[in-house]
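Below is one structure; the comments refer to it alone.
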Amino acid sequence: MDLRTEPLLEEIAARIRSCTRCGLAALRTNAVPGEGLQHAPIMLVGEAPGEKEDDTGRPFVGRSGKLLTELLEAEGLKREDLFITSIIKCRPPDNREPTREEVRSCAPHLLMQLDSISPRVLVTMGNSAYELFSNTFYLPNKKVGEVRGKVFRLHSTTTSYLVPTYHPAGLIYNRKLIPDFQNDIRTAIRYSKGTV
Ligand code: SF4
């Protein structure tokens, strides 16, 4: 018997698609809840949907998404075996950074997804995702370039570890960061399998 009381991912996605908690609701074509396994061992969280994501309602399907998919596959990971989403579920105009108010409004959706999936490893991609979770879990208040390469043990959640890394969009413009990103993904895989 399933005793879980958290809403399942599809129920959370339906709430997201009808959400009007911030002004981005009026601007979206589609909300982008995220996609992947209900009980994914690794959850990847980026910043916000872009134009292609807004058009399709799917996460990371534009240029940076293609690069992300390639880099994951190079480490033997298929997107469908993970859960991939962003801290904001609707596209900010002109791909601007989400405001603090928008992040605050949208955070309950993301935290509900985290609770529902309970991944062993949470991978934050980019500064915005790390900043949100560093505030949530009382981690060092630093930029991703200063904390990547570290693994944070989480004590206040069913998720055991947080691995910060770069956002794939940043890798397009600075390909020298790709080996670090790949190392971080390898670290996440090791921790998700409990082989450390
Ligand atoms: S960005 Fe988040 S909080 Fe704002 S309308 Fe979309 S789903 Fe709701």
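When residues in region 69-108 are screened for being under 12 Å from the mean Cα position of the chain (by Cα) and surrounded by fewer than 22 Cβ atoms within 10 Å (Cβ to Cβ), 1 of them pass. Of the numbered criteria (1) at pLDDT 95 or above; (2) over 17 Å from residue 87 (Cβ atoms), the one residue 58 fails is (2).
The set of residues in region 10-40 that are more than 8 Å from the ligand (Cβ to nearest atom) and over 19 Å from the mean Cα position of the chain (by Cα) comprises 18, 26, 27, 29. Of the helices (runs of 4 or more DSSP H) contained entirely in region 130-196, those carrying at least 1 residues that are without any contact (Cβ under 8 Å) to a residue 60 or more places away in the chain and within 21 Å of residue 62 (Cβ to Cβ) fall at 144-147, 168-173. Residue 107 fulfils the conditions (1) touching a helix residue (DSSP H, G or I) at 6+ places or on another chain (Cβ under 7 Å); (2) farther than 17 Å from residue 48 by Cβ; (3) of a type in the set (Gly, Ala, Ser) except for a single criterion, (2). Does residue 77 satisfy the criteria of being within 21 Å of residue 130 (Cβ to Cβ), modelled with pLDDT of 95 or more and away from the ligand (no atom under 11 Å from the Cβ)? Spelling it out, residue 77 is indeed within 21 Å of residue 130 (Cβ to Cβ), modelled with pLDDT of 95 or more and away from the ligand (no atom under 11 Å from the Cβ). Based on what the data block shows, is residue 111 on the phi < 0 side of the Ramachandran plot, within 15 Å of the chain's Cα centre (by Cα) and surrounded by fewer than 16 Cβ atoms within 10 Å (Cβ to Cβ)? In short, yes.
Anything in region 83-106 that is closer than 24 Å to residue 150 by Cα and among the hydrophobic types (A, V, I, L, M, F, W, C)? List them, or say none.
First, the residues of region 83-106 that are closer than 24 Å to residue 150 by Cα: 83-87.
Result: 83, 84, 87.
The values are calculated or read from the model by the stated rules, or taken from the named source; none is laboratory data. Source: prediction; values computed, not measured. Note that each Cβ is placed from the backbone with ideal geometry, even for glycine, and that neighbours are counted across all protein chains shown.
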